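What follows is one structure encoded as structure tokens, with my remarks underneath.
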Amino acid sequence: MVIGERKPFEEILKTLEGHKKILVLGCGGCVTVCLTGGDDAVRVLSSQLKMSRDKDGNPLEIIEKTVERQCDPEYVEEIHDIVPDVEAVLSLACGAGVQYVAERYAKTPAYPALDTTFVGGSVKEGYYVERCQTCGQCKLAYTGGICPIARCSKSLLNGPCGGSTGGKCEISPEVDCAWQLIIDRLRYLDQMDRYEELADIADWSKNRDGGPRKMIREDFQR
Amino acid sequence: MSGDVKTDSGLEKILRSGQFAVTGECGPPRGADPDVIREKCKLLKGKADAFNITDNQTSVVRMSSIASAVIMMQEGMEPVMQMVCRDRNRIAIQSDILGGAALGVKNMLCLSGDHQKFGDHPQAKNVFDLDSMQLIQTVRLMRDEGKFLSGEEIKKAPKLFVGAAENPFADPFEIRAPRLAKKVKAGAEFIQTQCIFNMKRFRQWMKDVVDRGLHEKVFILGGVTPFKSFGMARYMAKNVPGMDVPDELLARMKDTPKEKQAEEGIKIAVETIQELKEIKGIAGVHIMAIEWEEKVGEIAEKAGLLPRPSV
């Protein structure tokens, strides 16, 4: 899933300066699962904003709503009747969701309440880790199912570098060395011979470097 | 491995002639003053066969390795231009290889590069379009086949003697010899190792290297760094990733009176070189006297490595 972390409260307050009435819009997708953008997060952020603005003698009126997914025009349509009544939308979706709202309602500013951080998964409730960088050229078949692009700090395809110590990355003792994990797993799978093969130079044109990407299912384009 | 010299590199000639080679290191300044390099060159000249010019080492901005290499050549010395993958994509890498070769650089060392987190610009975007192995492949492709990575032809191929680094002390230890094999397969012609303090572990690695016959395919120069003080030894042991300083060596520095510690550090470096000379598969030494260039000559002299052969 896409992980998003709430922006610092002061930064959110600053983007809302000058507005008197807004829609705080949650997203029922990934950010609900990672506890930062769903219904609960909408309620908490809204009351914090109201309290803070009340304290400053500059009250803020807030409409609260959460849609199924903000990255889908069908669901973004659900706020159609609310948008004319507000001056801005504060979206708790990932960067994709914020843009869907902005594109659909051209005359109403859409502000992000989250910093979209990474594609990953949960270790346990409230603890999420990065696993994928959406490079567009999955290499997991060659690396024991562990991604060197997302998990090696240098994205080395022929790692580890000389800084791997005791299973940890040179950047921090808190970070696992992805290549230690890869080698441990290759050994376990009896695929150590794969380590000695030189990895092909990556084609980053399939990554964001090639420009914005699309995925089209032709059989659905009628 | 001996015989067919492929470039005009003096270092290559010495190694291929079977003579024990010595390389040193020169860190560029954090400013635009060429005289800093010239001063260091005066201290280093004649004390080794070639000298690495570091490329923004520890991710701290310094004068570029290409420019510094040119200044060194003006002083009549042979540089080894280091290049890291952290700061350049394949377009800039190939461009700088052509530029370096055009300016007369004959040796290049291919590195991944320290993570920018350690440097003075931790907010920087890193590149790592290629990794160090792929950088080796790139420069060999350019030199030997006269082609860019795109497959297009190069009008005049850059003739560089190609080296890489290897850290025998990093983890996981079991892949350290296989990793060298990969660098050799990628096209590395000489290897400079990380600073050797743990001789026992180094010997184990060299045994694995020799068992695989890698010493017959690549020239291995053992890395040697003198301790200036007990403080520096302790810092290297505790704070430098991938550095292996055994407790007994730390104790030896600690037990030496402060005013004699520098002398003791040099003594340890000389002993290390003497041990390295006896290890099968070692073709030379790489002396890294970090911001202590004036001692390279003394170490080389005491280790019986001077005068250097003329090529």
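Here are some notes:
- If only residues of the range B:95-142 that are away from every other protein chain (no Cβ under 14 Å) and of a type in the set (A, V, I, L, M, F, W, C) are counted, the one that is nearest to the chain's Cα centre (by Cα) is B:M108.
- All conditions in (1) under 24 Å from B:T193 (Cβ atoms); (2) within 9 Å of another protein chain (Cβ to nearest Cβ) hold for A:I182, with the sole exception of (2).
- With respect to being surrounded by 24 or more Cβ atoms within 10 Å (Cβ to Cβ), out of contact with any His (no Cβ under 6 Å at 6 or more places or on another chain) and small (G, A, S), B:A188 fits the description.
- Only one entry of A:T32, A:T117 meets the criterion of being part of a helix (DSSP H, G or I), of a type in the set (S, T, Y) and within 30 Å of A:I146 (Cα to Cα), and that entry is A:T32.
- Pairing residues of the range B:164-189 that are part of a loop (DSSP other than H, G, I, E, B) with residues that are surrounded by fewer than 23 Cβ atoms within 10 Å (Cβ to Cβ) and among the hydroxyl-bearing types (S, T, Y), at Cβ distances under 6 Å and at least 6 apart in sequence or on separate chains, gives B:D171/A:T165.
- Tally, over the range B:151-199, of residues that are charged (D, E, K, R), more than 15 Å from the chain's Cα centre (by Cα) and within 9 Å of another protein chain (Cβ to nearest Cβ): 5
- Lone qualifier among B:V61, B:V70 - being in contact (Cβ under 8 Å) with a residue 24 or more places away in the chain, surrounded by fewer than 17 Cβ atoms within 10 Å (Cβ to Cβ) and either away from chain A (no Cβ under 14 Å) or at positive phi (or both): B:V61
- Qualifying residue in the range A:3-10 (condition: charged (D, E, K, R), assigned to a strand (DSSP E or B) and buried (at least 16 other Cβ atoms within 10 Å of the Cβ)): yes
- Residue list for the range A:87-116, restricted to those being under 22 Å from the mean Cα position of the chain (by Cα), surrounded by 15 or more Cβ atoms within 10 Å (Cβ to Cβ) and over 20 Å from A:K14 (Cβ atoms): A:C94, A:A96, A:G97, A:Q99, A:Y100, A:R104
- Candidates in the range A:134-172 are the residues that are outside any loop (DSSP other than H, G, I, E, B) and within 10 Å of chain B (Cβ to nearest Cβ); of these, the one that is surrounded by the fewest Cβ atoms within 10 Å (Cβ to Cβ) is A:S172.
- Any hit, the range B:105-119, residues being outside any loop (DSSP other than H, G, I, E, B), free of Cβ contacts under 8 Å to residues at least 24 places away in the same chain and surrounded by fewer than 24 Cβ atoms within 10 Å (Cβ to Cβ): no
- Residues satisfying the stated conditions in the range B:192-231, i.e. closer than 28 Å to B:E291 by Cβ, small (G, A, S) and assigned to a loop (DSSP other than H, G, I, E, B): B:S229
- Hits in the range B:136-169 (condition: closer than 15 Å to B:I191 by Cβ and in contact with a Ser or Thr (Cβ under 8 Å, 6 or more places away or on another chain)): B:F161, B:A164, B:A165, B:E166, B:N167, B:P168
- Going through (1) without any contact (Cβ under 8 Å) to a residue 40 or more places away in the chain; (2) buried (at least 19 other Cβ atoms within 10 Å of the Cβ); (3) over 20 Å from A:P8 (Cα atoms) one by one, A:P84 falls short only on (2).
- Every residue from the range A:73-114 that is part of a helix (DSSP H, G or I) and among the hydrophobic types (A, V, I, L, M, F, W, C): A:V76, A:I79, A:V83, A:A96, A:V98, A:V101, A:A102
- Checked across the range A:187-203, the condition of being within 19 Å of B:D131 (Cα to Cα), under 26 Å from the mean Cα position of the chain (by Cα) and of a type outside the set (F, W, Y) holds for at least one residue.
- Qualifying residue in the range A:44-61 (condition: in a helix (DSSP H, G or I) and within 18 Å of the chain's Cα centre (by Cα)): no
- Between B:F219, B:F227, the distinction of being in contact with a Leu (Cβ under 7 Å, 6 or more places away or on another chain) and closer than 23 Å to B:A50 by Cα belongs to B:F219 only.
- Close contacts from the range B:8-22, counting a first residue that is at positive phi and a second that is of a type in the set (S, T, N, Q) and in a loop (DSSP other than H, G, I, E, B), with Cβ to Cβ under 6 Å and a gap of 6+ residues or different chains, come to B:G18/B:S2.
- Of all the listed residues (A:D184, A:D193, A:D200, A:D209), the sole one being closer than 28 Å to B:F148 by Cβ, acidic (D, E) and in a helix (DSSP H, G or I) is A:D209.
- Candidates A:V76, A:V67, filtered to the one that is crowded, with 20+ Cβ neighbours inside 10 Å, more than 14 Å from chain B (Cβ to nearest Cβ), within 20 Å of A:I12 (Cβ to Cβ) and without any contact (Cβ under 8 Å) to a residue 60 or more places away in the chain: A:V67
- Leading residue by the ranking (farthest from the chain's Cα centre (by Cα)) among those in the range B:246-282 that are surrounded by 15 or more Cβ atoms within 10 Å (Cβ to Cβ) and not in a helix (DSSP H, G or I): B:T256
- Within the range A:186-211, the set of residues being away from every other protein chain (no Cβ under 12 Å) and either over 16 Å from A:Q133 (Cβ atoms) or surrounded by 12 or more Cβ atoms within 10 Å (Cβ to Cβ) (or both) comprises A:Y188, A:L189, A:D190, A:Q191, A:K206, A:R208, A:G211.
- Residue count, the range B:219-231 (criterion: buried (at least 19 other Cβ atoms within 10 Å of the Cβ) and without any contact (Cβ under 8 Å) to a residue 60 or more places away in the chain): 2
Quick note: the coordinates plus some simple rules give every number you see, no bench work behind them. Keep in mind it's a predicted model, so treat the numbers as computed, not measured. Methodologically, a virtual Cβ is constructed for each residue, glycine included, from the backbone with ideal geometry; neighbour enumeration extends over all protein chains shown.
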